[in-house]
Amino acid sequence: MLMASFISVSRNSSSTPTRNQRAKGNFFTGSQENWPGISPDGLVLFFSSNRPGTAGLWDLYMARRTTTKDPWGPPVNLGPVVNSTTWEVGAKTSHDGSMLYFHSPRSGGFSSCDIWQTPIIPIVDFNGDGKVDIADVFIMLEHWHTDYSLCDIGPMPWGDGKVDIEDLKVFIAEWEKANPPAQP
């Protein structure tokens, strides 16, 4: 298996092969970044890294960009729901972007390395108070028409680079799940 400490991409408007170019972004640490997977819309890059601060040997990270021509933003560790004390690699999303698939030898599996899945769910409790309420709407409205990534949750699953009506639609759908109407 060939492992590299960088991610490279080929760009060409025709079918002519081109020289690989290092992906533009600030996720190179001197550690290894491997096993890339990209979202169907090309706006989210998932990769595994053994960089300092990982929970295990290799953790899954993601980096976002606003358009496919923009550089990648800073990477975010996918956290303890996804990452274990062993390793997670090979992240891929479902076609609709609602599920993340990866493989890991974590405990609870059936063999030495199993395929795992986790839903991609928007976080709409923007102020972290444990409830989805009007205070969260106000936070979204304070950042309306900006690129504030905390509130950029729509269209699902990872936003489009601006806080707008698409984000409000996702928020309302999640708010209704957290606050179901009273039954008569």
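The values are calculated or read from the model by the stated rules, or taken from the named source; none is laboratory data. As the structure is a computational prediction, the values presented were derived from the model and not from experiment. Here Cβ is always computed from backbone atoms with ideal geometry, including for glycine, and neighbour counts include all displayed protein chains.
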> Restricting the search to the stretch 105-156, which residues are in a helix (DSSP H, G or I) and either of a type in the set (Lys, Arg) or without any contact (Cβ under 8 Å) to a residue 24 or more places away in the chain (or both)?
Replying inline: Ile134, Ala135, Phe138, Ile139, Leu141, Glu142
> Can you name the number of the only condition in (1) in contact with a strand residue (DSSP E or B) (Cβ under 9 Å, 6 or more places away or on another chain); (2) surrounded by fewer than 18 Cβ atoms within 10 Å (Cβ to Cβ); (3) within 24 Å of Arg65 (Cβ to Cβ) that Leu100 fails?
Replying inline: (2)
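Would it be correct to say that Val76 is among the β-branched types (Val, Ile, Thr), out of contact with any Gly (no Cβ under 8 Å at 6 or more places or on another chain) and crowded, with 16+ Cβ neighbours inside 10 Å?
Values: among the β-branched types (Val, Ile, Thr): yes; out of contact with any Gly (no Cβ under 8 Å at 6 or more places or on another chain): yes; crowded, with 16+ Cβ neighbours inside 10 Å: no.
When the stated conditions are applied, Val76 does not pass them.
Scanning for something in a strand (DSSP E or B) and either modelled with pLDDT under 85 or over 25 Å from Ile115 (Cβ atoms) (or both), does the stretch 22-32 turn up at least one residue? Break it down stepwise before answering.
First, pick out the residues of the stretch 22-32 that are in a strand (DSSP E or B): 22, 25.
Okay, now just the ones that are also either modelled with pLDDT under 85 or over 25 Å from Ile115 (Cβ atoms) (or both), so 22, 25.
Within the stretch 22-32, one or more residues are in a strand (DSSP E or B) and either modelled with pLDDT under 85 or over 25 Å from Ile115 (Cβ atoms) (or both).
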> Which condition breaks for Asp136 when tested against (1) modelled with pLDDT of 90 or more; (2) buried (at least 17 other Cβ atoms within 10 Å of the Cβ); (3) within 21 Å of Glu33 (Cα to Cα); (4) not aromatic (Phe, Trp, Tyr)?
Replying inline: (3)
> Of these, Thr85, Thr118, Thr16, which one is farther than 27 Å from Gly161 by Cα, loosely packed, with under 15 Cβ neighbours inside 10 Å and at pLDDT 85 or above?
Replying inline: Thr85
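Among the residues of the stretch 42-52, is there at least one that is buried (at least 20 other Cβ atoms within 10 Å of the Cβ), within 16 Å of the chain's Cα centre (by Cα) and not in a strand (DSSP E or B)?
So the first thing to find is which residues in the stretch 42-52 are buried (at least 20 other Cβ atoms within 10 Å of the Cβ), and the list is 43-49.
Retained after the next criterion (residues that are within 16 Å of the chain's Cα centre (by Cα)): 43-49.
Next cut, not in a strand (DSSP E or B) only: 43.
Within the stretch 42-52, one or more residues are buried (at least 20 other Cβ atoms within 10 Å of the Cβ), within 16 Å of the chain's Cα centre (by Cα) and not in a strand (DSSP E or B).
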